[in-house]
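Just below is one structure, and these are the notes that go with it.
The values are calculated or read from the model by the stated rules, or taken from the named source; none is laboratory data. Not measured: the values here are computed from a predicted model. Please note: Cβ atoms are built from the backbone with ideal geometry, for glycine as well, and neighbour counts cover all protein chains shown.
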């Protein structure tokens, strides 16, 4: 889906105004990752209880938040998510990431240089032990495979739907015209979240997609507790979670700028 079909001029003007905060001083940002340890973060890996960091999947190496599979004999669908402990509703999230090394043995072909950050997610405590993905919205990180374009910044919707240009979109992953990064360079992605009113993915300052009215619905989530999936319920706030999907990835910044009073009520 081309960018031109996704945006209205009014929306782009609105985004330009909101993103003027990019020039603000860095001390207005809240660092969610402290560069030293995983304080404030909660792992949830498929097949294991909330809080168990199987295989030391999530770790800090040389000041970088690192997703590694050194201690795995096979990935075997052990999809993981590292949740920040506090839910948010209105914010600008900035992430600097890079893919590193080779995909873990046993990872799916689509998982090569594939990861992401979940927003408006259910809480880690509300996930079942065998659940694969949290009910959420995903800003997808993709890396090029030296086989043509494979742009980053897509939107995926595990257990959710969104509205684009007034139309309810039930497609699981919505492709955008994002840039392709074939190597292990650092990439900056911003995710703008204004409750359920407006959300956007921005890569290196370029707005790729804008959407609104996210709600619970659809599939692509397995082994969830039905109580956690009331289809039709608006997604106005939730947790932020970094993925592990079988390819090593590192993060050097995970920062959040509140855009109005944050909602800290638990899901």
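Brief remarks follow.
- From the options 58, 83, 79, 99, residue that is under 13 Å from residue 32 (Cβ atoms), in contact (Cβ under 8 Å) with a residue 60 or more places away in the chain and in contact with a strand residue (DSSP E or B) (Cβ under 8 Å, 6 or more places away or on another chain): 83
- Cβ pairs under 6 Å, 6+ apart, first in the stretch 207-226 and at positive phi and surrounded by 17 or more Cβ atoms within 10 Å (Cβ to Cβ), second part of a loop (DSSP other than H, G, I, E, B) and modelled with pLDDT under 95: 218/170
- If you filter the stretch 184-205 down to residues that are surrounded by fewer than 16 Cβ atoms within 10 Å (Cβ to Cβ) and modelled with pLDDT of 95 or more, you find that the one that is nearest to residue 120 (Cα to Cα) is 197.
- Taken over the stretch 29-51, the residue count meeting the criterion of being closer than 20 Å to residue 222 by Cα, surrounded by 13 or more Cβ atoms within 10 Å (Cβ to Cβ) and touching a strand residue (DSSP E or B) at 6+ places or on another chain (Cβ under 8 Å) is 5.
- Hey, residue 214 more than 14 Å from residue 139 (Cα to Cα), modelled with pLDDT of 95 or more and touching a strand residue (DSSP E or B) at 6+ places or on another chain (Cβ under 9 Å) or not: no
- Test: residue in the stretch 106-121 that is touching a residue at least 60 places away in the same chain (Cβ under 8 Å), farther than 29 Å from residue 229 by Cα, over 18 Å from the mean Cα position of the chain (by Cα) and surrounded by fewer than 20 Cβ atoms within 10 Å (Cβ to Cβ): yes
- Some residue of the stretch 255-263 being in contact (Cβ under 8 Å) with a residue 40 or more places away in the chain, in contact with a strand residue (DSSP E or B) (Cβ under 6 Å, 6 or more places away or on another chain) and buried (at least 20 other Cβ atoms within 10 Å of the Cβ): yes
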